[in-house]
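Report on one structure; see the data block that follows.
The values are calculated or read from the model by the stated rules, or taken from the named source; none is laboratory data. Bear in mind that the values here come from a model prediction, so they are computed numbers and not experimental data. Neighbour counts are summed over all protein chains in view; Cβ atoms, including those assigned to glycine, are modelled from backbone coordinates with ideal geometry. Only protein heavy atoms, including side chains, enter the accessible area calculation; ligands, DNA and RNA are left aside. Shrake-Rupley method; radii C 1.70, N 1.55, O 1.52, S 1.80 Å.
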Amino acid sequence: MDAYEKLIDGYRSFRGQYLDKQYETYRDWAAQGQSPKSLIIGCSDSRVNPVILTHAGLGEIFVVNNVANIVPPYEKGRSHHKSLGAAIQFAINHLRVEHIIVMGHSGCGGIAALMADDPMARHDAGEDDYIADWVSILTPAKEAVVENCGGCKGEECFRLAEMEGVLVSIRHLAGYPWVRSAVRAGRLTLHAWYFHIDSGELLSYRPEEGRFSRLVS
């Protein structure tokens, strides 16, 4: 079956279930709007879907995806990344989410591009290299790994950079005025997650321990 036809076939199955009587209450509720309590900023990687990973229902999570799950630093009035800023502002000020989660993962192509010795040497790099420009936002993560873990190589280095990238994005996130205000008011909590694709383990950063550890034992 063609990939596009597979999507249509999947929709047929969803539609059949969605229009079933068991979804009637949800349809009535959803027609009035949405009220998710969590925003997850995840990677565009097709293997890492936060709704599937958390078994969330329709309307339970507000989701933003981009390459390498990056949160750029806040730039007052001149941001080049207004799409993500708008999502964060909307989630906090209008949806009143109580949790924001930045979720990284193993095998991230964006982090691999960041850690490349010469990103411009990629076969697809050109005058307008959107990938290199975007992932360069996480340069502090690369610098931290190189400085503190100079002896690591290959996959180990990438895993550390993937985790450090999540922490850089969390620090950037905390600089947004709407985030800062909500955190200070005690109505918003920030979380850093990391998903191991091969093992299925989901890790959460523990500030008091200074490391990522299993979210569920």
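Taking only the range 25-43 into account, find how many residues are of a type in the set (S, T, N, Q) and either open to solvent by less than 60 Å² (accessible area, probe 1.4 Å) or within 30 Å of Gly109 (Cα to Cα) (or both).
2
Residue-by-condition table, conditions (1) farther than 30 Å from Ala192 by Cα; (2) polar (S, T, N, Q):
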{"position": "Ile8", "(1), (2)": "yes, no"}
{"position": "Lys21", "(1), (2)": "yes, no"}
{"position": "Gln34", "(1), (2)": "no, yes"}
{"position": "Gly42", "(1), (2)": "no, no"}
{"position": "Arg47", "(1), (2)": "no, no"}
{"position": "Pro50", "(1), (2)": "no, no"}
{"position": "His55", "(1), (2)": "no, no"}
{"position": "Ile61", "(1), (2)": "no, no"}
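Being at pLDDT below 95, farther than 24 Å from Thr189 by Cα and not in a loop (DSSP other than H, G, I, E, B) narrows it down to one residue among Val135, Val145; which is it?
Unique residue meeting the criteria: Val145.
Working only within the range 75-93, note down all residues that are open to solvent by 70 Å² or more (accessible area, probe 1.4 Å) and either at pLDDT below 95 or over 17 Å from Arg180 (Cβ atoms) (or both).
Matches in the range 75-93: Lys76, Gly77, Arg78, His80, Lys82, Ser83.
Which one is farthest from the chain's Cα centre (by Cα) among residues in the range 13-24 that are of a type in the set (D, E, K, R) and surrounded by 10 or more Cβ atoms within 10 Å (Cβ to Cβ)?
Going through the qualifying residues, I end up with Glu24.
Working carefully through the options Ile92, Ile61, Ile8, find the one that is of a type in the set (Val, Ile, Thr) and touching a Phe, Trp or Tyr at 6+ places or on another chain (Cβ under 8 Å).
Among Ile92, Ile61, Ile8, only Ile92 is of a type in the set (Val, Ile, Thr) and touching a Phe, Trp or Tyr at 6+ places or on another chain (Cβ under 8 Å).
Please go through the range 1-12 and give me each residue that is open to solvent by 90 Å² or more (accessible area, probe 1.4 Å) and not hydrophobic (A, V, I, L, M, F, W, C), ordered by number.
Residues satisfying the conditions are Asp2, Tyr4, Lys6, Tyr11, Arg12.
Looking only at the range 44-65, which residues are open to solvent by less than 30 Å² (accessible area, probe 1.4 Å) and touching a residue at least 40 places away in the same chain (Cβ under 8 Å)?
Val48, Pro50 - these are the residues of the range 44-65 that are open to solvent by less than 30 Å² (accessible area, probe 1.4 Å) and touching a residue at least 40 places away in the same chain (Cβ under 8 Å).
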